[in-house]
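Note sheet for the following structure.
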Amino acid sequence: MNILILNNFWRYPGTERWDFELVCYEELICHDTHQVTYIVNRRGRTAITAHPDSCKIYEVEDFNDSTRLAEITAQVVAEQGPMDRVIAFSENLLLPAARLREAFAIPGPDMAETLLARDKMQMKQYMHAAGVKAPRFLAVLPGSITPQVASFVREVGLPVILKPADGASSIGVSRVTSLAQLETLLGALPEGDWQLEEFIAGDIYHIDGLVDAQGELLFSTSCRYINTCLDFSFDSPLGGVMVMPGCALEDKLVAFARRCLSALGFNRCAFHLEVFLDKDEEPVFLEVGARVAGADVPYMIEHNTGVNLFKHWVDLILHDRTELTPEHRGVGAWLMFGLPEQLPQQVNGVTEFVGKIPSVYRQHLPQVGSELIKEGGYCALQSGRFLFSSPCATQLAKDVEQVLQEFHIDLQTLEG
């Protein structure tokens, strides 16, 4: 096959950082059997560890430059023949990949399919049409409170959530508790597609897995979030604890996931689904992506089940099938503590837990004496990142709580 890979993931070979270590492309795709071409940005170049003679690499400054991407693809097609597949793992690259598929008649998700996995309003429309419980919502424009907006707020009540239609990681999301706050926020919104969403009280869970060529669920794990992505943007820790496989709660979440994925027609892909459990302990759809989860979710899954979601996603893309043999190695969790708002700062001390708490098998901490700077993204240098695994769900919960209570980082503001 003639395969094009778009990559903006970064790696740190030879260091303790595990960022995107599961994305070793030459292990996922045989570069001797296939013709492989990479388009990367400067950051993404660090993840390409294949032998230079086994592939072609083109670097771009901006993946949103669709003209440049098309020029490179046209050049590769002229030299090597028609492109058979385009692979992009990052959520930010799914639309550029879809544009190339449409422009060069390459099999795989087109723009309409890809937008369905990005547009949160369209997702909820599909859920409502399929009878799947999802929050009520209203499309809004920058400006002021219109009669329609006021009517929606009266109908669903406060608080409401204001969010972009195609955002990620809770960027641009606000919890609105008054009409005065809403008026201010609407007046300051940048141009784009925005929505008001009904607030659902309850715990949030993420369900991660794979669907096959027929849209059937191949594999999944379920986790209860520790706080939310929105909380994380306001300095709360963020994490997730696996639901015990085979328990009644997991069965309920998996059954709900099947309904959501069927309603959207997902196939041949990984997925990251987020759902509420409302006051009646019933699942409510929040959003879903046709991709592997971010943060440390895939590493927790691989350690505790033996399943590398990236590998099996590639198998589905290339061959429409994959061989899965999940193992139950333990119950896992992931946890991260974000960076302070004021940077740079010097690290004078930080709490370590590997070797002190048996279930903490991996930690990523800034070095004492180093300077903390903003990197951006969940898979980045944070104040602390921890991965857990335990045979006992009860002990795991206690260990996670201990880290939440005892973690501390001692920082010193740098002058100038």
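Taken together, the values in this text are just the output of simple stated rules run on the coordinates, not laboratory data. Everything quoted here is computed from the prediction, not taken from an experiment. Quick reminder, even Gly has a Cβ in these numbers, built from the backbone with ideal geometry, and neighbours come from all protein chains shown.
Here's the list of aspartates and glutamates a cross-link from K356 could span, going by alpha-carbon distance under 19 Å and ignoring same-chain residues fewer than 8 apart: E16, D399, E401, E406. Across the chain, C-alpha contacts under 8 Å between residues 6 or more apart give a mean separation that, scaled by the residue count, equals a relative contact order of 12 percent.
Say R0 is 41 Å: what FRET efficiency, to the nearest 0.05, do Q402 and K279 get from their beta-carbon distance?
Details: r = 29 Å, r/R0 = 0.71.
Given R0 = 41 Å and the Cβ-Cβ separation, E is 0.90.
Ranking N2, L94, L387 by how far each Cα lies toward the positive end of the dipole of the chain (charges on Cβ) leaves L94 at the top.
Across region 230-292, Cα pairs under 8 Å and at least six residues apart give a relative contact order of 23 percent. I need the calculated FRET efficiency for the pair A180 and V354, taking r as the beta carbon distance and R₀ as 56 Å, to the nearest 0.05. According to the calculation, E is roughly 0.70.
Amide H contacts for I5 (H built 1.01 Å from N in the peptide plane; partners 5 or more residues away or on another chain; cut-off under 5 Å): T37, Y38, I39, I87. Diffusion coefficient of region 114-198 by Stokes-Einstein, Kirkwood radius over Cα pairs, 37 °C, 0.692 mPa s: 249 µm²/s. In straight-distance terms, cross-link reach from K56 covers every one of the aspartates and glutamates whose alpha-carbon lies under 19 Å from its own, apart from those fewer than eight places away in the same chain; here that gives E26, E27, D32, E71, E79, D84.
For chymotrypsin sites (Phe, Trp or Tyr not before Pro), no site in region 69-130 is both called loop by DSSP and has at most 11 other Cβ atoms within 10 Å. What FRET efficiency comes out for H328 versus D32 if R0 is 35 angstrom and r is the Cβ-Cβ distance? Round to the nearest 0.05. Result of the calculation: an efficiency of 0.50.
Note on L115 and T46: their simple-model spin labels are 3.5 nm apart, each label 7 Å out from Cα toward Cβ.
The sum of -39500 (n - 2.57) across all DSSP H runs of n ≥ 4, divided by the residue count of the chain, sets its helix-only mean residue ellipticity at 222 nm to -8500 deg cm²/dmol.
Backbone amide hydrogens, once placed in the peptide plane, bring R11 within less than 5 Å of T46, A47, excluding anything fewer than 5 places away on its chain. Among the listed values (1) 54; (2) 31; (3) 27, the one matching percent of Cα pairs over 35 Å apart as calculated from this structure is (2). Within the straight-line cut-off of under 16 Å between alpha carbons, none of the lysines are reachable from K311, sequence neighbours fewer than 8 places apart in one chain being disregarded. Under the criterion of Cα pairs below 8 Å and six or more residues apart, the relative contact order for region 287-416 equals 29 percent. Phi angles across region 39-50 convert, under the Karplus curve 6.51 cos²θ - 1.76 cosθ + 1.60 with θ = phi - 60°, into 3J(HN,Hα) values of 10, 10, 9, 4, 5, x, 4, 5, 8, 8, 10, 5 Hz, Gly and Pro given as x.
Couplings 3J(HN,Hα) for region 99-113, derived from phi with the Karplus relation 6.51 cos²θ - 1.76 cosθ + 1.60 (θ = phi - 60°), are 4, 5, 4, 5, 5, 10, 6, 9, x, x, x, 8, 5, 4, 5 Hz, where x marks Gly and Pro. Label separation (R154 vs Q395): 5.8 nm, computed from points 7 Å beyond Cα along the C-beta direction. Build a GNM of the chain with springs between Cα atoms under 10 Å apart, and of P159, P298, P135 the one that fluctuates most is P159. Couplings 3J(HN,Hα) of region 29-38, computed from phi: 9, 6, 6, 7, 7, 10, 8, 10, 10, 10 Hz, in residue order, whole Hz [Karplus 6.51 cos²θ - 1.76 cosθ + 1.60, θ = phi - 60°; x for Gly and Pro]. Say we join alpha carbon atoms closer than 10 Å with springs in a Gaussian network model of the chain; which of Q382, Q405, Q195 then has the biggest fluctuation? For the chain, modelled as a Gaussian network with Cα springs under 10 Å, the answer is Q405.
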